[in-house]
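The values are calculated or read from the model by the stated rules, or taken from the named source; none is laboratory data. Remember, predicted model here, so these are calculated numbers, not experimental data. Cβ atoms come from the backbone with ideal geometry, glycine included; neighbour counts cover every protein chain shown.
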Amino acid sequence: MDQADRLRLLKKERASRTKTARISRTWLDIDKDPGVTTKEKLERLISLTRSPSAKKERPAVPSLDGGKKKPLEVFENSFNLSSRYGKIPVAAGLDISGESLALLSRDRSFADLDLSTALFLDLETTGLSGGVGVVPFLVGLGYFRDDHFQVKQFFLGDLAEERNLLRELGQFFSQMDFRSLVTFNGKAFDLPLLETRFILHRETLPLCGLPHLDFLFSARSLWSHKHESCRLYHLAQQILEADREEDIPSAEIPDRYFEFLRTGDLSLIEPILYHNQEDLLSLLGVVISGAALFVEHDPDNSEIEADAMDLFGAARLLERTGQSEKSALFMRRALEGRLSGEIAFLAKMKLASHFKRSGDWTQAVSLWEEMTAFSPLTCCRELAIYYEHRERDYEKARQLAAEGLTAAAGASKNLEKDFSHRLERLQRKLEGGKRGEKGR
């Protein structure tokens, strides 16, 4: 089988997996409707999963030209600014402000930067746990240059050539003069591993010290409440609507590489090249989507419009960066967007805490009273504190403390003790007040 045939087979297998997964997800959604017969469900499934006439634009798959194993090889691909990854315009990456990057990274060093000078980095390695024995055999790089988003992949075809790989990387980094770094879990894995390899070969990694946006942390704040997984490929499906499946499990990649070293079978590597490129494009896409949540809605850019769950995630990220006023604004917008269930409850409780800190007792008390049925322990305690210390309404505070004590029994020993002490103190205040009235 020649190289072209292998690529066609790879694409066919990937398309088959994509279609099967789409059908499974669609059936699960349809099957939730109890009022629909099995026949009607099947008819709906067929209509929803029928192949569209227009195919989505997909990135080219990097290929190993010549069919011969080389000790060190560099693959390049480029995507013009008019192209899209899923529903996300590639060019939107250049519109992200330094302030948005500073927010997403929690690093003010980004305030004067943008993605035009950033390097997107993703490694494929001989192991997933890190350590000095793990070697990055594929270094995937993405960056904006010359009206394109460039993808450049350095592939190590022979472990003995690692020093040459690192020297070429070092020269490339220095020549390109990147001013920031963007990764997904790169602070814990990619960058420390790459730095270790440079140190072991007595080389200096020029990327060290650059402002670093590890988007994994922002992704968890923004979307962990909305999606079942914050893995990059899953976010690409759910948020970007990218036509990608988990083309190759991450745990399988090291074994494939070692098998390639043993056999020289290049077909083992092509799916890894594709996987790495997809991760770089997915990373660009989710950064664009995350940054868009903090920008006023643009009617001409409806594909990145935020829903209530997105607004709640944006509020959480703002809260964690200390921007409480703006966080509260996003919480209110999320609730206005028909946030429901447990997430709506969490939003209201966070708003109540914000109003308490800012001294807006009217709104705080209103929310605590509304949420008492859902969280009697927290709300009864907050209301008891309010009525005792601010309103001096000891009887109202006593009633709330008694209600809280009943709810805490068997649920929380600490709160049970808290409510008991509170009741005793309030009872003394009430009795002292009665004695004072009799003495007048």
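Laid out as a table, the results:
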read-out: Any pair with Cβ under 6 angstrom, 6 or more apart, that starts in region 400-413 at a residue that is more than 14 Å from Leu383 (Cβ to Cβ) and ends at one that is aliphatic (A, V, I, L, M) and in a loop (DSSP other than H, G, I, E, B); value: none
read-out: Members of region 276-298 that are modelled with pLDDT under 95 and assigned to a helix (DSSP H, G or I); value: none
read-out: Members of region 167-194 found to be assigned to a helix (DSSP H, G or I) and in contact with a Ser or Thr (Cβ under 6 Å, 6 or more places away or on another chain), listed by number; value: Asp190
read-out: Residues located in region 218-240, provided they are under 19 Å from Phe330 (Cβ atoms) and either among the acidic types (Asp, Glu) or surrounded by 18 or more Cβ atoms within 10 Å (Cβ to Cβ) (or both); value: Ser218, Ala219, Ser221, Leu222, Trp223, Ile239
read-out: Matching residues in region 127-166 - criterion: being within 18 Å of Ile253 (Cβ to Cβ) and part of a loop (DSSP other than H, G, I, E, B); value: Gly127, Leu128, Ser129, Gly130, Gly131, Gly133, Val134, Val135, Gly157, Asp158
read-out: Qualifying positions in region 375-417 - of a type in the set (Phe, Trp, Tyr) and farther than 26 Å from Leu346 by Cβ; value: Tyr394
read-out: Any hit, region 359-377, residues being more than 26 Å from Ser412 (Cα to Cα), among the hydrophobic types (A, V, I, L, M, F, W, C), in a helix (DSSP H, G or I) and in contact (Cβ under 8 Å) with a residue 12 or more places away in the chain; value: yes
read-out: Count of region 337-358 residues which are among the polar types (S, T, N, Q) and assigned to a helix (DSSP H, G or I); value: 2
read-out: Given (1) in contact (Cβ under 8 Å) with a residue 40 or more places away in the chain; (2) in contact with a Phe, Trp or Tyr (Cβ under 8 Å, 6 or more places away or on another chain); (3) buried (at least 18 other Cβ atoms within 10 Å of the Cβ), index of the condition Leu311 fails; value: (1)
read-out: Scope region 67-82; condition farther than 30 Å from Glu161 by Cα and touching a residue at least 40 places away in the same chain (Cβ under 8 Å); matching residues; value: Asn80, Leu81
read-out: Some residue of region 331-344 being of a type in the set (A, V, I, L, M, F, W, C), without any contact (Cβ under 8 Å) to a residue 12 or more places away in the chain and surrounded by 17 or more Cβ atoms within 10 Å (Cβ to Cβ); value: yes
read-out: In region 108-131, residue farthest from Phe172 (Cα to Cα) [restricted to those that are within 17 Å of the chain's Cα centre (by Cα) and not aliphatic (A, V, I, L, M)]; value: Asp122
read-out: Residues of region 220-254 satisfying the condition of being among the aliphatic types (A, V, I, L, M) and not in a helix (DSSP H, G or I); value: Ile239, Leu240, Ala242, Ile248
